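Notes follow once the structure below has been shown.
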Amino acid sequence: MRKKHLNRITLDPTVMVGKPVIRGTRITVELILGQLAAGITVEEVLKNYPHLTREDVYAAIEYATERVAEERVYSLAKRTHVKASSR
């Protein structure tokens, strides 16, 4: 995936406790993703936050995609459950 929007995301411990935000704002990636997940359209997000751009919303999505891509998944061995006999 081409990373074309990530330069719009910043992490600064003095801004929103270090959560990723849209550069120059206090609007978190989490807020944008939460609204999209709740069914709010990109157009509605932009209307609610007029200083955001469509590219900012895409940056939030791209940031989340990158974080999920970095996750490591570990397989847990299956455990066989044996019933104790009642002799």
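The values are calculated or read from the model by the stated rules, or taken from the named source; none is laboratory data. Nothing here was measured: the structure is a model prediction, and the numbers come from that model. Cβ atoms come from the backbone with ideal geometry, glycine included; neighbour counts cover every protein chain shown. When the accessible area is computed, the model is the full protein with side chains, heavy atoms only, and any ligands, DNA or RNA have been set aside. Shrake-Rupley method; radii C 1.70, N 1.55, O 1.52, S 1.80 Å.
Structure notes:
- Residue that is most open to solvent (accessible area, probe 1.4 Å), among those in the stretch 9-41 that are closer than 13 Å to A64 by Cβ and of a type in the set (D, E, K, R): E30
- Residue that is nearest to P20 (Cα to Cα) [pool: residues in the stretch 50-60 that are open to solvent by less than 70 Å² (accessible area, probe 1.4 Å) and either in contact (Cβ under 8 Å) with a residue 40 or more places away in the chain or more than 18 Å from the chain's Cα centre (by Cα) (or both)]: A60
- Here E44 does not qualify as of a type in the set (D, E), open to solvent by 100 Å² or more (accessible area, probe 1.4 Å) and either modelled with pLDDT under 95 or more than 16 Å from V21 (Cα to Cα) (or both).
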